[in-house]
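The values are calculated or read from the model by the stated rules, or taken from the named source; none is laboratory data. The shown structure was predicted, so the numbers you read here are calculated from the model rather than taken from an experiment. No Cβ is skipped: glycine too gets one built from the backbone with ideal geometry, and neighbour counts run over all protein chains shown.
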Amino acid sequence: MPQLIHVGIIMGSQSDLQIMNEAAAILDKLNIGYEISIVSAHRTPERMFEYAKEAAGRGLKVIIAGAGGAAHLPGMVASITPLPVVGVPIRSSNSIDGWDSVLSILQMPNGVPVATVALNAAQNAGILAAQIIGSSNPDVLKRVEAFKEELKQKVIKSNEDISPA
């Protein structure tokens, strides 16, 4: 049986793909289906509007939107869709050290929330998407819990490795 697609991963340009693949990698690890595509708020606004408007009807549960520079994609998508949107600010070549992206995504007006992760933190966006889905899907919740346990065990093991015998 094919895996259901629950997460949409979108980005403003091809140059964002290396960062956004980190969200895809964690969703793969947690066995959560996703789609990934380039949807530019500035260069393909009609595509962005269509994507955001149809996402819930296609079965998506969360949208992860990464963007650099002016970073309008997450907010514009959030203004159209009823789904939760997780914004990933990306340090881009035309960026002001990433701060323009962070503030563009973080400073949304009341009524149009975007959950915002740290600069270039697409992995955290994937984890947050999994946690959102897990709040109503017991199977995903168990996988998130197992992932968190792995993180805990890694820290414990690291501490054992540095402690004197």
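Structure above, values below:
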item	result
Residue check for residue 93: touching a residue at least 60 places away in the same chain (Cβ under 8 Å) and surrounded by fewer than 17 Cβ atoms within 10 Å (Cβ to Cβ)	yes
Of all residues in the range 19-51 being touching a residue at least 40 places away in the same chain (Cβ under 8 Å) and of a type in the set (D, E, K, R), the one that is nearest to residue 72 (Cα to Cα)	22
Subset tally (residues that are β-branched (Val, Ile, Thr) and surrounded by 16 or more Cβ atoms within 10 Å (Cβ to Cβ)) for the range 120-165	5
Identity of the residue in the range 70-126, assigned to a loop (DSSP other than H, G, I, E, B) and among the β-branched types (Val, Ile, Thr), that ends up farthest from residue 20 (Cα to Cα)	112
Residue match in the range 14-23 (condition: closer than 25 Å to residue 145 by Cβ, under 11 Å from the mean Cα position of the chain (by Cα), surrounded by fewer than 22 Cβ atoms within 10 Å (Cβ to Cβ) and modelled with pLDDT of 95 or more)	yes
Output for the range 2-45, where each listed residue is more than 20 Å from residue 142 (Cα to Cα), among the charged types (D, E, K, R) and in a helix (DSSP H, G or I)	16, 22
